[in-house]
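What follows is a set of notes on a single structure, which appears directly below.
The values are calculated or read from the model by the stated rules, or taken from the named source; none is laboratory data. The structure presented is a predicted model; accordingly, all values stated were derived computationally and were not measured. Neighbour counts run over all protein chains shown; Cβ positions are idealised from the backbone, glycine included.
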Amino acid sequence: MKKRILAVAVAGLMAMSLAACGGSSGSGSSEADKTTAAAADSSQADASKTDGAGGKKINVIAKGFQHQFWKAVEKGAMQAGSELGAEVTFQGPDNESAIAQQIEYLDAAIAQKPAAICFAALDTQASLGSIQTAMDAGIPIIGFDSGVPDAPEGAIKANASTNNLEAGKLAADETYKLIKDKIDGASGTVRIGVVAQESNSQSIVERTKGFVEEMKKNIGEDKVSVEGHDSLKAEKAGAPVVIDVGIPAEVKDADAAAVASAILEKSDLIAIYGSNEFAANAIITANEGLDKIGDGKVVAVGFDAGKKQLQAIKDGLFAGSVTQDPVQIGYKAVELAVKAANGESVSDVDTGALWYTKDNMEDPKIAPCLYE
């Protein structure tokens, strides 16, 4: 089993503005076998928490490399390491179902005794033993992306993440503008589909819930029946609007496309939302054999970016999407980690979200956020 290890040596300060969603910075990369890293000799493990040209060791443990989102997070983390003089190692499991693999990486990172660890947990409960080990060793942990929800008090010093509940609400507000006339002028029941990757990850749960709750608020609580997956079900007999939530049993492309297809095939569908890159791609894949979304058809909106989703927006298949700022998520996580390692007080950072369409994709505030 391979793991991805990227380390950045100290470099001179780079000229770029952090007001935008992110910039670019080069970083060398190499791959090494997981066993080799886990078996690093004791002299390395017991080395000072600062080495190289005074650079602190910061280990970043992501959720995986299955989606291009994590490449953009990695870019920001490496950029911060370069600018702040920290030695950053960025790792992630093969996919976002590989909980045991992520824990192995976390344990290996703790054994290296870094100055701090940045961690986006796939499963907090499965991580509790490792988190306690880090606490006992005095290694501060910074959460990022979905963070480490329900971790022991004091274990997570701060989080660098999107306020996903608010980002989901933003998606609902923009979608509602596009379908309000269809709802108001309907002679029968209309349906709004929601496709989510899973019902466990806090970030995805919140942006799915945010969308559903805000859409209910916009339409009117008494007019909406939430059906489909049990996690959000709130059925209301006779409601003129149905929000149909679909979540695959496993995080697999084929399973998600099947869920999206089942929703797209319903004749009363007027809109469909995918709450992350994986879900948006599932909608695009399902549509290939159905031709249900696009201008003058079912309104499709997404979340995140990625080559497939960006092309769908350019082609008019998707009306728009919400993007996080993955570069800033990575950057701010490392920045917080360096501060925590220095004993400074740190607090949560909201890295923001933006609505983008084919008309504003080149906007200087948005374009850097749209990773491929």
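Things to note:
- Among the residues here, GLY55 qualifies as farther than 30 Å from LYS252 by Cα and at pLDDT below 95.
- Answer residue from the range 329-353, given it is part of a helix (DSSP H, G or I) and in contact with a helix residue (DSSP H, G or I) (Cβ under 6 Å, 6 or more places away or on another chain) and is farthest from GLY64 (Cα to Cα) among those: VAL338
- Unique match (being of a type in the set (Gly, Ala, Ser) and under 14 Å from the mean Cα position of the chain (by Cα)) among ALA353, ALA340: ALA353
- Scope the range 240-261; condition surrounded by fewer than 20 Cβ atoms within 10 Å (Cβ to Cβ) and either closer than 22 Å to LYS216 by Cα or not assigned by TED's automatic domain parsing to the domain that holds LEU290 (or both); matching residues: PRO240
- Residue match in the range 91-107 (condition: farther than 30 Å from ALA256 by Cβ, crowded, with 24+ Cβ neighbours inside 10 Å and modelled with pLDDT of 95 or more): no
- Matching residues, the range 265-296, being touching a Leu at 6+ places or on another chain (Cβ under 9 Å), surrounded by fewer than 24 Cβ atoms within 10 Å (Cβ to Cβ) and either free of Cβ contacts under 8 Å to residues at least 24 places away in the same chain or part of a helix (DSSP H, G or I) (or both): ILE284, ALA286, ASN287, GLY294, ASP295
- When GLN125, GLN102 are checked against the criterion of being of a type in the set (S, T, N, Q), in contact with a strand residue (DSSP E or B) (Cβ under 9 Å, 6 or more places away or on another chain) and not in a loop (DSSP other than H, G, I, E, B), GLN102 stands alone in meeting it.
- Subset of the range 218-245 [of a type in the set (D, E, K, R) and either without any contact (Cβ under 8 Å) to a residue 12 or more places away in the chain or in contact with a Pro (Cβ under 9 Å, 6 or more places away or on another chain) (or both)]: GLU221, LYS223, ASP230, GLU235
- Leading residue by the ranking (farthest from ASN287 (Cα to Cα)) among those in the range 311-328 that are part of a helix (DSSP H, G or I) and at pLDDT 95 or above: LYS314
- Some residue of the range 305-322 being hydrophobic (A, V, I, L, M, F, W, C), within 20 Å of GLU96 (Cβ to Cβ) and in contact with a helix residue (DSSP H, G or I) (Cβ under 8 Å, 6 or more places away or on another chain): yes
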